[in-house]
Amino acid sequence: MSNSLKLSVPEGLPFIDYEREFDFPAADVFRAHKEPGLIIQWLGPRGMKMEMDHYDFRTGGTYRYIHTGPEGVPYEFRGIFHTVRENEFALQTFEFGGYPDVVSLEYMTFEDLGGGRCRLRGHSVYPSLEARDGMAQSGMEGGMTEGYERLDELLSGAKV
């Protein structure tokens, strides 16, 4: 696939923006973000095992999952879905268990580009520049790139 992740970490501002186009309809990309059985197949970098505690992608729903790397170290993530609009928008909190009390607010839009293509845009707001910088330096870009490559593979090989 030729669609690359565009990640922006603006100087002096506590947020990260990202954008990625997909050669699949917005409804398919949204569904892959919604259904636990699909998300477990693509979210995160290659080589991570994902254990889903719960994942309720709806307004007011919550989630908790754990990624475990080849070295056996677990990484817990959790949050709340504040607003979810089918095939269009999601607003959630995101907290990494390794940094409790540092919660980001994340907006995702699913834009139909026509011709069976879509654009996913995200905006993540952090409580401080230090928290934002920590996330940006954590390998976030590589993990997102690999995850979206895995999502492309899933959507091209499975009916969703």
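The values are calculated or read from the model by the stated rules, or taken from the named source; none is laboratory data. Computed from a predicted structure; not experimentally measured. Cβ: placed from backbone, ideal geometry, glycine included. Neighbour counts: every protein chain shown.
Screening the range 110-160 for residues that are of a type in the set (Lys, Arg) and part of a helix (DSSP H, G or I) and picking the one that is nearest to LEU7 (Cα to Cα) gives ARG132. Give all pairs with beta carbons closer than 8 Å in which a residue from the range 6-17 that is of a type outside the set (Ser, Thr, Tyr) meets a residue that is exposed (fewer than 11 other Cβ atoms within 10 Å of the Cβ) and in a loop (DSSP other than H, G, I, E, B); count only pairs at least 6 apart in sequence or on separate chains. Taking only residues 6 or more apart or on different chains, the pairs are PRO14/SER128; ASP17/PRO10. Restricting PHE81, PHE89 to residues that are surrounded by fewer than 16 Cβ atoms within 10 Å (Cβ to Cβ) and more than 19 Å from THR145 (Cα to Cα) narrows the list to PHE89. Here the condition is being closer than 21 Å to MET135 by Cα and either in contact (Cβ under 8 Å) with a residue 12 or more places away in the chain or of a type outside the set (Lys, Arg) (or both); of GLN92, GLN41, it holds for GLN92 alone. Within the range 89-104, at least one residue is in contact with a strand residue (DSSP E or B) (Cβ under 8 Å, 6 or more places away or on another chain), among the small types (Gly, Ala, Ser) and assigned to a strand (DSSP E or B). Among the criteria (1) more than 17 Å from LEU43 (Cα to Cα); (2) part of a loop (DSSP other than H, G, I, E, B), the one PHE57 does not fulfil is (1). Checked against the criterion of being at pLDDT 95 or above and of a type in the set (Gly, Ala, Ser), the candidates GLY60, GLY44 yield just one match: GLY60.
Checked against the criterion of being touching a helix residue (DSSP H, G or I) at 6+ places or on another chain (Cβ under 6 Å) and β-branched (Val, Ile, Thr), the candidates VAL84, VAL102, VAL29 yield just one match: VAL102.
Inspection of the range 18-27 finds a residue satisfying the criterion of being in contact with a strand residue (DSSP E or B) (Cβ under 7 Å, 6 or more places away or on another chain) and under 20 Å from THR93 (Cβ atoms).
Residues that are closer than 20 Å to MET48 by Cβ and either buried (at least 17 other Cβ atoms within 10 Å of the Cβ) or over 15 Å from the mean Cα position of the chain (by Cα) (or both) within the range 58-74 comprise TYR63, TYR65, HIS67, THR68, GLY69, PRO70, GLU71, GLY72, VAL73, PRO74, listed in sequence order. Suppose we keep only residues that are of a type outside the set (A, V, I, L, M, F, W, C) and loosely packed, with under 14 Cβ neighbours inside 10 Å within the range 112-137. Which one would you say is nearest to PRO25 (Cα to Cα)? Result: GLY116.
The residues of the range 2-53 that are at positive phi and surrounded by 15 or more Cβ atoms within 10 Å (Cβ to Cβ) amount to a single one, GLY44.
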